[in-house]
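Worksheet for the structure shown next.
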Amino acid sequence: MLVSNLIHKAYIQGYQDNTIKPLNYVTRAEAVVMLYRLLPEPAKTEALYCIAEDVQPDAWYYTELAILQQNGLIQGYADGTLRPNQNLTRAEFITMLIRFNNLNSPNSNLGNNYSSNIPTSNFYDIANHWAETYIKQAAMHGWIKGYPDNSFAPNQPINRAEAVSILNNMLNRQADITKLAIYQNWPDNPENAWFYADLLE
């Protein structure tokens, strides 16, 4: 894994109106910025150029997108675009995380060659999906659990709360409930929400 779970970096921020918007969908650019914040510092210093027809040098996410594109984390489309403002699906997010864990990590147990012996997950809706192998890998490592009806909904856009929950699982981060009150919270992150602790973590 690129990022040690001993290095406790914040990877998500609130908005200027003091909200966190947990149910907003995550765009491709936003997901890239989250992962960029988890990179070790040496990986952030390279001066790289983003190769995409729809990304301008003055975009707020330009540097992050350029570095992660050059490292193979995010790939473009056949028309030469990266579509940074397009909502990211759950399958696409998982794929990014698998690639992120393989990036410059020869000791990763995820590897680049996926075994056909990956345990079959309980998700009934991923069979023959283009990201089936990635989703099974994530389930095997305990990053994802899916929904109560045993679906994963791979083509559904992922929201900020879901993305944070999966990232925390990937990083093996668990919030200390007894200490959450000392951290800044947002009015749209109520204590009775399933994502309350994950967002504060």
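The values are calculated or read from the model by the stated rules, or taken from the named source; none is laboratory data. Because the structure is predicted, anything quoted here is derived from the model rather than measured. Heads up, the Cβs are rebuilt from the backbone with ideal geometry, glycines too, and the neighbour counts pull from every protein chain shown. Quick note on the areas: whole protein, heavy atoms, side chains included, nothing else; ligands and nucleic acids left out. Shrake-Rupley method; radii C 1.70, N 1.55, O 1.52, S 1.80 Å.
At pLDDT 85 or above, polar (S, T, N, Q), closer than 18 Å to Leu200 by Cβ and open to solvent by less than 50 Å² (accessible area, probe 1.4 Å): which single residue out of Thr19, Thr27 fits that description?
Thr19
Scan the stretch 100-112 and give yes if some residue there is farther than 27 Å from Arg173 by Cβ and either out of contact with any Ser or Thr (no Cβ under 7 Å at 6 or more places or on another chain) or modelled with pLDDT under 95 (or both), otherwise no.
Within the stretch 100-112, none of the residues are farther than 27 Å from Arg173 by Cβ and either out of contact with any Ser or Thr (no Cβ under 7 Å at 6 or more places or on another chain) or modelled with pLDDT under 95 (or both).
Just to be sure I understand the filter: pairs with C-beta atoms under 8 Å, separated by 6 or more residues or on different chains, first member in the stretch 76-93 and under 17 Å from Gln156 (Cβ atoms), second member open to solvent by 70 Å² or more (accessible area, probe 1.4 Å) and of a type outside the set (D, E, K, R). Which pairs pass?
If the second residue must be open to solvent by 70 Å² or more (accessible area, probe 1.4 Å) and of a type outside the set (D, E, K, R), the pairs left are Asn87/Tyr25; Leu88/Tyr25; Thr89/Asn155; Thr89/Gln156; Arg90/Asn155; Arg90/Gln156; Ala91/Trp130; Ala91/Asn155.
Please go through the stretch 158-201 and give me each residue that is assigned to a helix (DSSP H, G or I) and surrounded by fewer than 16 Cβ atoms within 10 Å (Cβ to Cβ), ordered by number.
Matches in the stretch 158-201: Ile177, Thr178, Lys179, Leu180, Ala181, Ile182.
Given Tyr49, Tyr77, which one is open to solvent by 20 Å² or more (accessible area, probe 1.4 Å), modelled with pLDDT under 85 and not in a helix (DSSP H, G or I)?
It is Tyr49.
If the Cβ limit is 8 Å and pairs must be 6+ apart or interchain, which residue in the stretch 170-185 that is farther than 23 Å from Met34 by Cβ pairs with which residue that is surrounded by 11 or more Cβ atoms within 10 Å (Cβ to Cβ)?
Ile177/Ala197
Give the number of residues within the stretch 132-157 that are open to solvent by less than 70 Å² (accessible area, probe 1.4 Å) and either among the basic types (Lys, Arg) or over 17 Å from Thr95 (Cβ atoms) (or both).
Qualifying residue count for the region: 4.
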